[in-house]
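The values are calculated or read from the model by the stated rules, or taken from the named source; none is laboratory data. From a predicted model like this one, the values you see are computed outputs, not experimental measurements. When we count neighbours, we look across all protein chains shown, and the Cβ atoms used for this are built from the backbone with ideal geometry, even at glycine. Just so you know, the surface numbers come from the protein's heavy atoms only, side chains and all, with ligands and any DNA or RNA stripped out. Shrake-Rupley method; radii C 1.70, N 1.55, O 1.52, S 1.80 Å.
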Amino acid sequence: MRTHTRYRLSLYLLLTPFLAGITLLVVIPAGLSFALAFTSYDALSPPVWRGVQNYRHLLADDLFRRAVVNSLTFLALTVPLRTLITLGLALLLRRPRRGIRFYRAAVYMPTVIPGVAYALIWLWILNPVYGPLNLVLGALNLPTAAWLVDPRTALPALALAALFQIGEGFVVLLAGLQHIPDDYYDAAALDGAGRMALFRHVTLPLLAPWLFLVIIRDIIASAQNTFTPALLMTGGGPYYATLFLPLLIYQTAFDRFRFGEGAAMTTLLFAGVGGLIMLVWRISGGWGYDDSV
């Protein structure tokens with residue numbers, strides 16, 4: 001009994017610095033931001049209570065609605081594609097073979113590139129004059145585009161750049177695949193199951209909790225990670241085609257000094273991401289996440 005108590009006490013002690021950091025850096029700022037959302041505040045004079053006027057103003061603001069639509073479009077493009085690409089690469093690179101460490105490192109490498117450097121790299125790749133993407137398309141006699149200048153291609157171009165930073169999800173799915181015992185595959189193979197049947201009836205059900213974790217993580221990350229590429233590569237243009245919520249929040253709060261409206265947008269973004277996660281949870285039924293991991 002004493003050993004168990006000491007073990008639990010040691011766990012709490014180990015968690016204390018983490019919980020203190022979360023409280024100081026996340027919980028308190030989030031609470032202050034939520035309170036600020038009901039005020040008018042310009043950082044020069046004391047906050048003035050406005051009630052829900054900030055939210056009413058945002059719901060009637062065309063720019064805010066455009067940013068919401070752009071953010072949802074970006075999520076609809078990137079989350080399914082990133083999940084499929086991550087799953088495909090994890091299945092391809094799950095077995096040990098010659099050079100497997102190099103291939104796995106190559107998949108993970110774009111994830112460790114700092115956001116600013118990654119945006120500048122893609123600014124060069126997507127350059128319509130000397131960018132390698134247009135040079136390759138031209139060499140194949142395929143149509144080229146002014147990717148970041150044309151409103152029709154700017155958002156898909158940013159989504160394309162986001163498809164290569166999948167290292168964290170790749171590691172999670174790779175761990176999930178290696179968690180599946182080979183005995184299951186051997187037993188199914190003895191029953192005459194082919195590759196598709198093995199994937200459908202063995203791999204997918206047992207990997208579902210890990211897939212659910214990757215999708216949830218991707219929704220949260222994709223809702224926030226549009227800020228740096230939109231700021232550096234397009235500035236939200238052309239014609240607001242790449243104006244996402246994080247960029248609009250930054251411009252409202254720090255360019256126009258409307259911190260109350262910026263806080264209200266942050267609250268709505270938080271609520272929207274939470275709603276999407278709950279929707280995925282309801283659709284998937286949790287995918288057995290409670291007792292499979």
For the stretch 198-227, give me each residue that is within 17 Å of residue 120 (Cα to Cα) and in contact with a Phe, Trp or Tyr (Cβ under 8 Å, 6 or more places away or on another chain).
226, 227
Given the conditions (1) out of contact with any Pro (no Cβ under 7 Å at 6 or more places or on another chain); (2) farther than 30 Å from residue 206 by Cα, every one holds for residue 125 apart from (1)
Take the stretch 105-149 and flag every residue that is hydroxyl-bearing (Ser, Thr, Tyr) and either without any contact (Cβ under 8 Å) to a residue 12 or more places away in the chain or touching a Phe, Trp or Tyr at 6+ places or on another chain (Cβ under 9 Å) (or both).
108, 111, 118, 130
So which residues in the stretch 248-258 are under 19 Å from residue 48 (Cα atoms) and open to solvent by less than 40 Å² (accessible area, probe 1.4 Å), if there are any at all?
252, 253
I'm trying to understand the selection: among the residues of the stretch 141-177, which are modelled with pLDDT under 90 and among the hydroxyl-bearing types (Ser, Thr, Tyr)?
144
Note on the stretch 260-271: residues in contact (Cβ under 8 Å) with a residue 24 or more places away in the chain and open to solvent by less than 40 Å² (accessible area, probe 1.4 Å) are 260, 261, 263, 264, 265, 267, 269
Restricting attention to the stretch 111-135, and to residues there that are open to solvent by less than 30 Å² (accessible area, probe 1.4 Å) and under 17 Å from the mean Cα position of the chain (by Cα), which single residue is nearest to residue 236 (Cα to Cα)?
119
Scanning the stretch 10-46 for residues that are open to solvent by 100 Å² or more (accessible area, probe 1.4 Å) and over 19 Å from residue 262 (Cβ atoms), the one modelled with the highest pLDDT turns out to be 24
Farther than 17 Å from residue 167 by Cα and hydroxyl-bearing (Ser, Thr, Tyr), is that true of residue 103?
no
Only one of these conditions is not met by residue 222: (1) more than 25 Å from the chain's Cα centre (by Cα); (2) within 25 Å of residue 280 (Cβ to Cβ). Which number is it?
(1)
Filtering the stretch 103-130 down to residues that are in a loop (DSSP other than H, G, I, E, B), over 27 Å from residue 211 (Cα atoms) and β-branched (Val, Ile, Thr) yields 129
Sole miss for residue 129 among (1) at pLDDT below 90; (2) in contact with a helix residue (DSSP H, G or I) (Cβ under 9 Å, 6 or more places away or on another chain) is condition (2)
Tell me yes or no: at least one residue of the stretch 98-110 is open to solvent by less than 90 Å² (accessible area, probe 1.4 Å), in contact with a helix residue (DSSP H, G or I) (Cβ under 9 Å, 6 or more places away or on another chain) and within 18 Å of residue 257 (Cα to Cα).
no
